[in-house]
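These notes concern the structure reproduced below.
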Amino acid sequence: MEDVTNMPRRAKRSVLLLQGLMGPLFRRLGQGLMKAGHRVHKVNFNGGDRLYWRLPGGIDYRGTLQDWPAALEQIIAEKQITDVILFGDCRDHHMAATQVCRALQIPVHVFEEGYVRPDWVTLEKGGVNGHSTLPRDPQWYLDTAAALPPVPEHRQVASSFRRRATEGLAYNVADVLTRWHYSHWNNHRPWHPLVEGMGWLRKLRRRKVRDAQAAALMARIEASDDPYFLFPLQLDSDAQIRLHSPFAGIAEALRVVVASFAAHAAKGTRLVVKEHPLDNGVRDWQQITTDMAVRYGVADRVDYLASGDIVPVARRAQGMVTINSTSGTLGLSMGIPVVVLGSAVYDIAGITAQDGLDAFWQRPPAPDAQTYAAFRRVLIDRCLIPGGFFSEEALAMVVRHAVARFEGAPMVPE
């Protein structure tokens, strides 16, 4: 198989899309690549994938995970695939696909939530986060960034929680209704789609109450001078937790953070736990957080923020604790100290705290502004594109820049 890594920008390619986000992202990307003259194929592993594809070139994979590598090799050979694109490189089928492509010297382009927030999306060749090939040497970023031009002007894009929830619900329903056809499919997520769908419905029904509680907490934080640390939760289904952290799940991480806070944080300090905006509501993290706080004797110093914008609560924080969330880069961009508990691409000396969680509560070191600016500039050049996933404007922006990045074109201002 020909190595196409250094193909000329306008060379027409044969692209294979694997699983995307639950929604129309890969359909729109496929349309964009086809319009640019590339041949596009898409593997559908379940009815949700098929629901959101609805374009020529769809391939139903109905075999087992064990048979998938051989089937992928056959698809690559028959369709003369030059590039593979997928969302999230830690799903079982995607990890197997990455190994096959590496052996065949087929480039793998990985989408993920943006390393830098808000309004950026990650599109990195080879792997993301713990699988990223980016170095951890701060001097490398300083030297590399010095040779790059300024970042083009960037603007915010719209995002809709209701759209995200609706798309996830439709995907899961289509998955359930077609399990008879995709009999070997096993969702990479830990819950049955019906369970997850019910979680989304329950969360949507309680949204007004949760928003009111969050607004009251934010008002109390704004009116108080009490110092606090922020711990933004990640998704319990996120493979970045299972594969790139010491934790089996979010509950274990919560226990470690609350226990350390209770033992080492100053008595007048508070901890704000922020729910992930895309959490499906299957587990009651507010109750779990309360139980942990009671268990370690800090129930009067731990708050739970169920919804709302993370920016204002992060801006006033003494520091941020994260496993490997992209929220960490949001804090760093504000000059807020950050400690990382897992493996993260931004966990670099001079940028994040390197002395561990227990020491962080007492001595949170601020990031070096020059080193972080260089890191951010290199990220944008190598593996970030503007846009988002949950509005028409955001999707159009992502597709436009993804196709340009795929073809080797420089990023242009919006």
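A few comments on the model shown:
- Considering only alpha-carbon pairs that sit under 8 angstrom and 6 or more positions apart, the relative contact order computed for region 212-373 is 26 percent.
- Estimated FRET transfer efficiency (Arg202, Val151; beta-carbon r; R0 56 Å; 0.05): 0.85
- Note on region 212-373: Cα-only Rg and Dmax are 14.5, 41 Å.
- Dipole of the chain [Lys/Arg +1, Asp/Glu -1 at C-beta], most positive-end residue of Ala349, Ser160, Ser224: Ser160
- Between the amide H of Tyr228 and those of Arg270, Gln318, distances stay under 5 Å, these residues lying 5 or more places away or on another chain, with hydrogens modeled in the peptide plane.
- Whole-Å distance, taken between Cα centres, linking region 270-309 and region 64-109: 39 Å
- Contact order, relative form, for the chain: 21 percent (alpha carbon pairs under 8 Å, 6 or more residues apart, mean separation divided by residue count).
- Karplus (6.51, -1.76, 1.60) ³J(HN,Hα), θ = phi - 60°, over region 50-66, in Hz, Gly and Pro reported as x: 5, 4, 8, 8, 6, 10, x, x, x, 10, 7, 9, 10, x, 8, 5, 5
- Highest mean packing first, where packing is the average number of other Cβ atoms within 10 Å per residue, the peptides 305-313, 143-151, 85-93 line up as 85-93, 305-313, 143-151.
Laboratory data are not the source of any read-out in this text; all were calculated from the coordinates shown. Since the structure is predicted, the reported quantities are computational estimates derived from the model, not experimental observations. With ideal geometry, Cβ positions are generated from the backbone for all residues, glycine too; neighbour counts draw on all protein chains shown.
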